[in-house]
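Reviewing the structure listed below.
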Amino acid sequence: MILQVKKYGDPILRTKGKLVKEFGFELKELVGNMLETMYEAHGIGLAAQQVGLALQLSVIDLQLPPDTRETELTAVYDSKETPIELLFPLVLINPSIVEASCEKAFHEEGCLSFPGTWGDVVRAKWLTIKYKDLQGHEHTLGAGGLLARCIQHEMDHLNAVLFIDRLQKSELQELKPQLTKLQLNTKKQLTK
Ligand SMILES: [Zn+2]
């Protein structure tokens, strides 16, 4: 089932996610719906808050073309070097950062909750996280490149932080009219 993606201005996006404690059928159904929603919207990540639920849960699929040979896109899954495409769709439940590089990278980001808005965000170049899978089993994942960026963007959502919070002041200033418009539109929809 395709779920409605919550847009900027909806208070749920500013609500910190609660830890997931039940790993039953309902969770599997929710994750299935989140994946369907993400693919339909051509997104590469979706957090529970974006479908109206304040939970520590997000899904990621970089949807790499089959011939991708990006050396930066490596991952260490449970201490084993793993071809990145085998990880997708990646379901992150109750994720936490174990280690993040001091080395940072700037890159443009967008978000399904901010249609038509992009901005440059500084993030750690690589990081190691631990998280639970759909069965409630714990894993570690070391990632760099786009995957590391996407994980940080999603983990921010779970903690009620949005990518616009990480833009440089001048860029945020430039986007202000667009953001205010989106926020007002969302608020109008909510009071309908
Ligand atoms: Zn987002």
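Take the conditions hydroxyl-bearing (Ser, Thr, Tyr) and part of a strand (DSSP E or B) and apply them to THR186. Does it pass?
Answer is no for this residue.
Give me the residue from region 131-151 that is aliphatic (A, V, I, L, M) and surrounded by fewer than 21 Cβ atoms within 10 Å (Cβ to Cβ) and, out of that set, nearest to the ligand (Cβ to nearest atom).
LEU146
So in region 1-40, with the set limited to residues that are touching a strand residue (DSSP E or B) at 6+ places or on another chain (Cβ under 8 Å) and not in a helix (DSSP H, G or I), which one is farthest from LYS132 (Cα to Cα)?
The extreme case among them is VAL5.
Out of THR117, THR128, report the one residue that is more than 16 Å from the ligand (Cβ to nearest atom), at pLDDT 95 or above and touching a Gly at 6+ places or on another chain (Cβ under 8 Å).
THR128
For region 13-49, how many residues are among the basic types (Lys, Arg), away from the ligand (no atom under 16 Å from the Cβ) and more than 17 Å from LEU90 (Cα to Cα)?
Adding up the residues that qualify gives 2.
Pick out the one residue from LYS6, LYS80, LYS21, LYS28 that is within 20 Å of ASP165 (Cα to Cα) and of a type in the set (Lys, Arg).
LYS6
Wholly within region 87-148, which strands (runs of 3 or more DSSP E) include no fewer than the required count, namely at least 1 residues that are within 28 Å of LYS7 (Cβ to Cβ) and free of Cβ contacts under 8 Å to residues at least 60 places away in the same chain?
90-100, 104-109, 119-124, 126-132
Take SER58 and tell me if it is in contact (Cβ under 8 Å) with a residue 12 or more places away in the chain, surrounded by 14 or more Cβ atoms within 10 Å (Cβ to Cβ) and within 22 Å of GLY17 (Cα to Cα).
In short, yes.
The values are calculated or read from the model by the stated rules, or taken from the named source; none is laboratory data. Bear in mind that the values here come from a model prediction, so they are computed numbers and not experimental data. Glycine also receives a Cβ, built like all others from the backbone with ideal geometry; neighbour counts cover every protein chain displayed.
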